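Heads up, the thing below is written out as structure tokens.
The values are calculated or read from the model by the stated rules, or taken from the named source; none is laboratory data. Everything quoted here is computed from the prediction, not taken from an experiment. We place every Cβ from the backbone using ideal geometry, glycine too, and count neighbours over all the protein chains shown.
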Amino acid sequence: MSLYPAESAARSLKVTAASLQAKKRQGEKIACLTAYDYPFARLLDEAGVDLLLVGDSWGMAVAGYDDTLAVTLDDIVSATQNVGRGARRALVVADMPYGSYHLSPEQAVGNAIRLIKEAGAGAVKLEGARPEVIAALVAAEVPVLAHLGLTPQSVHRLGGYRVQATTEPAARQLLEDAVSIEAAGACLLVLEGVPRELAAAVTARLTIPTIGIGAGPDCDGQILVLHDLLGLSFRPRPKFVRAYAELAAVVRAAAESYRQDVEAGRFPADQESYHTPPSPRASGAGAGLTLP
Ligand code: KIV
């Protein structure tokens, strides 16, 4: 029973880590996407997407970096604020960028609190098997998504963006890491770039939901980078991406038509122009216009 019935009616519409865990128990799949700005966040929220991740993939999808390493906490704070204004129902998760949680649990807690207080995130995500950092965040009331497998912030150590945990010892290690992350209090686990069979085994083993990206269909939910889903990316399309639109072509064609219309004097037309109100005393071209 709620202490505050009116407020709880509005809150009950919001997706939370707890409601996503309930989805797993009920066998319902969880749909997640990345988002970085207000209009797309609003559209994805209206489309019923459960979780919007303000990923550090922003660095590659939006800012044009070659990897995610240069993304700053300020970048994520600003993008999360924009996404939060568009998301009424979806859980907004802020990614902790490289260097914002690697030094100590205290550093992680300080930066995560900024993402909650200043940016308005409902949870944060960090990469790697870091149960001690996750436990410190949970103790500070911060819901945490963990991220295992292909962790893009480890690109230098991994030597590129490759499928991970393809050997038996590596798969066993990932399963152990997943169990320790759940024990530390993580509320969800993102599995990226791992064999389908391993993702299925982790999903069966954990009580918290797994969210896959390049991890096959047996995870409890899926996430894609929005710009990949929309066909707005300039990189070769990886096998795990399904593009549901080809927006790059749509945008290029729209801009080209606009340029041609401007160059040919077809834009703006008279209907797209304002007119001086007619003067009762004058008629003809320029009628009603009083100029010094
Ligand atoms: O930064 C990001 O968008 C991510 C997802 C790909 C899971 O970490």
Would you confirm, using the coordinates I've provided, whether residue 241 is closer than 24 Å to residue 148 by Cα and either modelled with pLDDT under 95 or within 26 Å of the chain's Cα centre (by Cα) (or both)? yes
Test residue 233 against the criterion of being hydroxyl-bearing (Ser, Thr, Tyr) and within 16 Å of the ligand (Cβ to nearest atom), and give yes or no. yes
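Every residue, every condition in (1) within 14 Å of the ligand (Cβ to nearest atom); (2) of a type outside the set (Lys, Arg); (3) at negative phi, yes or no:
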residue: 51; (1), (2), (3): yes, yes, yes
residue: 57; (1), (2), (3): yes, yes, yes
residue: 60; (1), (2), (3): yes, yes, yes
residue: 63; (1), (2), (3): yes, yes, yes
residue: 71; (1), (2), (3): yes, yes, yes
residue: 83; (1), (2), (3): yes, yes, yes
residue: 109; (1), (2), (3): no, yes, yes
residue: 113; (1), (2), (3): no, yes, yes
residue: 125; (1), (2), (3): yes, no, yes
Out of (1) in contact with a helix residue (DSSP H, G or I) (Cβ under 7 Å, 6 or more places away or on another chain); (2) within 16 Å of the ligand (Cβ to nearest atom); (3) among the small types (Gly, Ala, Ser), the one residue 154 does not meet is (1)
Only listed residue being under 17 Å from the mean Cα position of the chain (by Cα) and at pLDDT 95 or above, chosen from 175, 224, 158: 224
Of these, 91, 33, 43, which one is out of contact with any Cys (no Cβ under 8 Å at 6 or more places or on another chain), of a type in the set (A, V, I, L, M, F, W, C) and surrounded by fewer than 19 Cβ atoms within 10 Å (Cβ to Cβ)? 43
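Which of the residues spanning the range 155-187 are in contact with a Gly (Cβ under 8 Å, 6 or more places away or on another chain) and surrounded by 14 or more Cβ atoms within 10 Å (Cβ to Cβ)?
Selection gives 161, 163, 164, 165, 174.
Looking at residue 110, is it surrounded by fewer than 18 Cβ atoms within 10 Å (Cβ to Cβ) and under 15 Å from residue 190 (Cβ atoms)? Give the derivation first.
On the way: surrounded by fewer than 18 Cβ atoms within 10 Å (Cβ to Cβ): yes; under 15 Å from residue 190 (Cβ atoms): no.
For residue 110, the condition - surrounded by fewer than 18 Cβ atoms within 10 Å (Cβ to Cβ) and under 15 Å from residue 190 (Cβ atoms) - is not met.
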Starting from the range 250-266, take each residue that is surrounded by 10 or more Cβ atoms within 10 Å (Cβ to Cβ) and list its partners that are in a helix (DSSP H, G or I), counting only C-beta distances under 8 angstrom and pairs at least six apart or across chains. 266/260
Only one of these conditions is not met by residue 191: (1) crowded, with 18+ Cβ neighbours inside 10 Å; (2) away from the ligand (no atom under 12 Å from the Cβ); (3) under 18 Å from residue 123 (Cβ atoms). Which number is it? (2)
